[in-house]
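One structure below.
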Amino acid sequence: MFYEQITDWQPRLSESAWESFSGVDVERVLTRETLRPHDLVVLLSPAAHSYLEPMAKKAQALTIRHFGRTIGLFTPLYLANFCTNSCLYCSFHAGNEIVRCKLTVEQAIKEGEAISATGLQHLLLLTGESRTQSGPAYIEECVQALRPMFASLGLEVYPLSTHEYRRLYEAGVDSVTLFQETYDQITYAKVHPSGPKRNYHYRLEAPERACEAGISAINIGALLGLSDWRQDAFFSALHADYLQRTYPGVEVALSVPRLRPYAGSFRSSAAPVTDASFVQIILAYRLFLPRAGLTLSTRESPQMRENLMPLGITRMSAGALTSVGGYSENNNVGSAQFEIADERSVPEVVGMIRAKGYLPSFCDWVNMRKKAAVGL
Amino acid sequence: MNDITQSDNLAEDTLLIGGINLHSRLFVGTGKFSSHEIVPQMLEASGSQVVTMALRRVDWKNPQENILNYLPQNTILLPNTSGARTAEEAVRIARLARAAGCGNWVKIEVVQDQRYLLPDNWETLNATEQLVNEGFVVLPYMSPDLGAARRLRDAGAAAIMPLGAPIGSNRGLQTKELIRILIEEISLPIIVDAGIGRPSEAAEAMEMGAAAVLVNTAIATAGDPVFMAQAFRLAVAAGRLGYLAGLGERRLTAEASSPLTGFLQEG
């Protein structure tokens, strides 16, 4: 279990431990081809801050070698925003007075059609955590309805049981995104004061349950800025490494969500993740896990996304909305989960990627399970 | 040994696979390029006739994004089963490729290891057996292992595609000795796939007697992919000529001017 690695490493990651490295340590790590967890600590340490340029050069070369000059595109579709949790940093917080709604299957189809018309073929389905309003059976219905329109369907919902993941896999889901938010148990308890999400372990072990159920791609990450970013970045990458080694057939990717303003007044007590620290995290992820996908959402500004893209990013959301509905003109819209910083349309994002000398890929993977033909 | 026509004229030196005589011994891939528009230029410079593409990445819904629309009419398509983790998945992908009009050639790629993308020979063999029975021209990508290669041959593979090094690693012919043995022992074209990072390594594989090489990452990620495609074309041709010409035996020490057994001829 990955938790054992957390308890093993945590005592070794004190503030003085991070400060104990020097430029010589960073230089030594940069000469290595295969990195160990200890090397990752060095790359996330303050000493590596002065080595962002050489780290970036190496990260870019590794990314091009393994992924080419290609950026996979996807977009999220929020199916519902009912939520029984009270995550302090989230707009869907049960106590927030926001417009709550849930798409009917017919509405979900309309949204799907509107998204599909933009050319996007990778869809990520999201809900808040409400087993009564958006339970697995409801999600399954939506998956079955949307499957024919898309090459691949991902799921970003509350943690499920192995059996539930299996059912959704059978229905047509092939990837699961689930963020631990923070690996620090004290902060985790603080920012999740009530609701089922309080259960740290059930969430932590969910990616493994998804792998056991047959899901072929897993995307994990920490909400950077919620707790000490060095620790959270370290454990996110270590978690990805653990999943890669335990489930060698599963494609493991990391997301880099940075805390954004939302409809509330939460202020994290942790130090904010500056742009330089954010870059350091992305580079450390790439150098430690050369073959892992790195996903960047529209939480970041257009300028930031353009500059981060060549450093190791392999997947980006485009034309994204974080409200329930809104892609299709006819549907009502529920409140958004977080403010989007990059509001550009799909063609605009595609144009930006091309201008940077990269190929925007609408279709990187077709889930061919039970499909009778491609392109229909 | 490969079934080739020894000839001092390279134009007449063809490679027979699936009933087709190929003049180019450089197979190329379509992945990792910065745009689709560059692919036809790269193809022209490479002189390649056989082009592999991952069926998983073919965008059937957007014509301007569909790589197949960028390939010349006479290209021989070699769809690959990238993304397949089992024989069953590979077989399904191959059938879908054929149904979609990609012809009946298929490169079997079954990978259960996402860290190194190394192929699973066992699943590859199972997929090969099934697809040969269904009339496909099957080119299995494999870890160079003589026993597995013999089984693939017996299953009816049209060629064997051993890796030189892990996909995208640009590490060259790390498995050289194992590939040499396959060339020596397997009476099928041996096509070195994966790992070739520079033209000189392609030439080296051809000098060893490989029937062809498949190159993708080294061309796609080069500073100038079109020039690099041309460089590979020349390297493959040079290596092939070197092989056909009969390379002189490499000597580690200088030949003694007074032979040690010279006394036998004396008197």
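The values are calculated or read from the model by the stated rules, or taken from the named source; none is laboratory data. Everything quoted here is computed from the prediction, not taken from an experiment. All Cβ positions, glycine included, derive from the backbone under ideal geometry; neighbour counts span all protein chains shown. Quick note on the areas: whole protein, heavy atoms, side chains included, nothing else; ligands and nucleic acids left out. Shrake-Rupley method; radii C 1.70, N 1.55, O 1.52, S 1.80 Å.
Below is a table of values for the structure above.
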quantity: Crossing angle, helix B:225-245 versus chain B [Cα axis fit, 0-90 degrees, rounded to tens]; calculated: 40 degrees
quantity: Angle in degrees between helix A:346-355 and the longest Cα principal axis of chain A, rounded to the nearest 10; calculated: 30 degrees
quantity: Positive-end extreme of charge dipole, chain A - chosen from A:Val324, A:Val99, A:Val250 (charges on Cβ); calculated: A:Val250
quantity: Under 24 Å from A:Lys197, Cα to Cα: lysines that are on another chain or at least 8 residues apart; calculated: A:Lys102
quantity: Partner aspartates and glutamates for A:Lys58 [C-alpha distance under 20 Å; skip if fewer than 8 residues away on the same chain]; calculated: A:Asp25, A:Glu27, A:Glu33, A:Asp39, A:Asp241, A:Asp275, A:Glu306, B:Asp224
quantity: Choice from A:Val349, A:Val24, A:Val41 with maximal GNM fluctuation in chain A (Cα, 10 Å cutoff); calculated: A:Val24
quantity: Percent carbon-and-sulfur accessible area, the protein assembly as shown, ignoring ligands, DNA and RNA, probe 1.4 Å; calculated: 51 percent
quantity: Dipole magnitude of the protein assembly as shown, debye to nearest 20 (Cβ charges: Lys/Arg +1, Asp/Glu -1, about Cα centre); calculated: 800 debye
quantity: Length added when fully stretched, B:Glu44-B:Gln265, from 0.36 nm per residue minus Cα-Cα; calculated: 73.7 nm
quantity: Gain upon complete extension [A:Ala145, A:Thr162; 0.36 nm per residue less C-alpha separation]; calculated: 3.9 nm
quantity: Calculated FRET efficiency for the pair A:Glu106/A:His49, C-beta based, R₀ 56 Å, to 0.05; calculated: 0.60
quantity: Burial of 30 Å² or greater, segment B:39-63 residues [accessible area, probe 1.4 Å, versus chain by itself]; calculated: B:Arg56, B:Arg57, B:Asp59, B:Trp60, B:Lys61, B:Asn62
quantity: Residue-count net charge about B:Ala157 - beta-carbon cut-off 11 Å; Lys, Arg +1, Asp, Glu -1; calculated: +2
quantity: Label point distance in nm, A:Val333-A:Arg354, each placed 7 Å from Cα along Cα→Cβ; calculated: 2.7 nm
quantity: Farthest positive-ward along the protein assembly as shown dipole, Cα basis, beta-carbon charges - from A:Thr295, B:Trp105, B:Ala238; calculated: A:Thr295
quantity: Theoretical ellipticity at 222 nm over the protein assembly as shown - DSSP helices of four or more residues, -39500 (n - 2.57) apiece, nearest 500; calculated: -11000 deg cm²/dmol
quantity: Lys/Arg +1, Asp/Glu -1 at C-beta; segment B:21-245 dipole; positive extreme among B:Pro40, B:Leu178, B:Ala165; calculated: B:Pro40
quantity: Using alpha carbons only: equivalent-ellipsoid semi-axes of segment A:2-361, gyration tensor based, whole Å; calculated: 31, 23, 19
quantity: A:Gln185 paired with A:Ala271, simple spin-label distance in nm, labels 7 Å along Cα-to-beta-carbon; calculated: 2.6 nm
quantity: Per-residue SASA entry for B:Arg98, accessible area with 1.4 Å probe, Å² rounded to 10; calculated: 90 Å²
quantity: On Cα atoms only, tilt of A:136-146 relative to the major axis of chain A in degrees; calculated: 80 degrees
quantity: List of segment B:91-118 residues, accessible area with partners at least 40 Å² below that of the chain alone (1.4 Å probe); calculated: B:Arg92, B:Leu96, B:Gln114, B:Arg115
quantity: Å² per residue, accessible surface of segment B:21-245 at 1.4 Å; calculated: 36 Å²
quantity: Area buried, chain A against chain B - accessible surface, total, 1.4 angstrom probe, square angstrom; calculated: 3200 Å²
quantity: Overall form of segment B:130-203 per C-alpha gyration tensor (a/c, 1.5; a/b vs b/c); calculated: prolate
quantity: 1.4 Å probe, heavy atoms, protein only - residues of segment A:57-104 losing at least 50 Å² accessible area vs chain alone; calculated: A:Arg65, A:Arg69
quantity: P(r), alpha carbons of the protein assembly as shown - 20 Å bins starting at zero, rounded %; calculated: 18, 49, 26, 5, 1, 0
quantity: Segment B:67-226 - percent relative contact order, Cα under 8 Å, separation 6 or more; calculated: 15 percent
quantity: Efficiency of FRET between A:Glu4 and A:Glu212 - r from beta-carbon atoms, R0 22 angstrom, step 0.05; calculated: 0.80
quantity: Relative contact order (%) - chain A, alpha-carbon pairs under 8 angstrom, separation at least six; calculated: 23 percent
quantity: Listed pairs A:Lys57/B:Lys107; A:Lys57/B:Lys176; A:Lys356/B:Lys107; A:Lys110/B:Lys61; A:Lys110/B:Lys32 exceeding 24 Å between Cα atoms; calculated: A:Lys57/B:Lys107; A:Lys57/B:Lys176; A:Lys356/B:Lys107; A:Lys110/B:Lys32
quantity: Kirkwood-Stokes translational diffusion coefficient of segment B:21-245, alpha-carbon pairs, 10 °C, 1.306 mPa s, µm²/s; calculated: 93 µm²/s
quantity: Point-to-point label distance, A:Ser14-B:Glu88, nm (Cα→Cβ direction, 7 Å offset); calculated: 5.3 nm
quantity: Size of charge dipole - segment A:2-361 - debye, nearest 20, with Cβ of Lys, Arg +1 and Asp, Glu -1, no other charges; calculated: 380 debye
quantity: Antiparallel DSSP beta bridges within the protein assembly as shown, percent to nearest 5; calculated: 10 percent
quantity: In Å², nearest 10: area of B:Ser48 left accessible to a 1.4 Å probe; calculated: 20 Å²
quantity: Debye, to nearest 20: dipole size of segment B:21-245, +1 on Lys, Arg Cβ, -1 on Asp, Glu Cβ; calculated: 180 debye
quantity: Exposure rank, largest accessible area first [A:Cys363, A:Cys83; 1.4 Å]; calculated: A:Cys83, A:Cys363
quantity: Whole-number accessible area per residue in Å² for segment A:75-129, which is evaluated in the context of all protein chains at 1.4 Å; calculated: 33 Å²
quantity: B:Leu26, A:Leu311, ranked by accessible area, largest first (probe 1.4 Å); calculated: A:Leu311, B:Leu26
quantity: Listed residues B:Tyr116, A:Tyr327 arranged by accessible area, highest first, probe 1.4 Å; calculated: B:Tyr116, A:Tyr327
